[in-house]
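Chemist: Below: one structure in structure tokens.
The values are calculated or read from the model by the stated rules, or taken from the named source; none is laboratory data. Owing to the predicted nature of the structure, the values given are computational and were not obtained by experimental measurement. Backbone-built Cβ (ideal geometry, glycine too); neighbour counts: all protein chains shown.
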Amino acid sequence: MANIKSAKKRVLVTQTKTAINRSRKTEVKGLIKKFEMALEAGNTEEAKTLLHDVESTIDKATSKGVFKKETASRKVGRLHRRLNTLQ
């Protein structure tokens, strides 16, 4: 454990930011699962609206530094590809 006051503060800040980033990642994963379930059910209209939500959430997470730009682009591209194969 850190002894210096500023180092203790950095530990707390890091823990807080880690928790926030983890919750954002979990939110994205949950939305992706809903999207995939809609695709498996054959509900393309719902999948389209969910894809818009997923894409928006991924973009927000990217702007906050949770995902790198290339990772976000790859995730969105794969989801678009999955939707297009079923149409």
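Chemist: Within the range 1-58, how many residues are surrounded by 15 or more Cβ atoms within 10 Å (Cβ to Cβ), farther than 16 Å from R82 by Cα and under 9 Å from the mean Cα position of the chain (by Cα)?
Modeler: Summing the residues that are surrounded by 15 or more Cβ atoms within 10 Å (Cβ to Cβ), farther than 16 Å from R82 by Cα and under 9 Å from the mean Cα position of the chain (by Cα) in the range 1-58 gives 5.
Okay, residues lined up against (1) part of a helix (DSSP H, G or I); (2) modelled with pLDDT under 95; (3) of a type in the set (D, E, K, R); (4) touching a His at 6+ places or on another chain (Cβ under 6 Å):
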site	(1), (2), (3), (4)
K29	yes, no, yes, no
M37	yes, no, no, no
G42	no, yes, no, no
S56	yes, no, no, no
F67	no, no, no, no
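Chemist: For the range 2-42, which positions are more than 22 Å from E55 (Cα to Cα) and in contact with a helix residue (DSSP H, G or I) (Cβ under 7 Å, 6 or more places away or on another chain)?
Modeler: A2
Chemist: If you don't mind, another one. Name the residues in the range 39-59 that are in contact (Cβ under 8 Å) with a residue 12 or more places away in the chain and either charged (D, E, K, R) or under 19 Å from N21 (Cβ atoms) (or both), would you?
Modeler: Step one: filter the range 39-59 for residues in contact (Cβ under 8 Å) with a residue 12 or more places away in the chain, giving 39, 42, 44, 47-48, 50-51, 53-55, 57-59.
Across the range 39-59, the qualifying residues are K48, D53, V54, E55, T57, I58, D59.
Chemist: Please state which one of I20, I58 is of a type in the set (A, V, I, L, M) and over 30 Å from M1 (Cα atoms).
Modeler: Selected residue: I58, the only one of I20, I58 that is of a type in the set (A, V, I, L, M) and over 30 Å from M1 (Cα atoms).
Chemist: Another one. Consider the range 4-21. How many of its residues are assigned to a helix (DSSP H, G or I) and either over 25 Å from A61 (Cβ atoms) or basic (K, R) (or both)?
Modeler: Of the residues in the range 4-21, 7 are assigned to a helix (DSSP H, G or I) and either over 25 Å from A61 (Cβ atoms) or basic (K, R) (or both).
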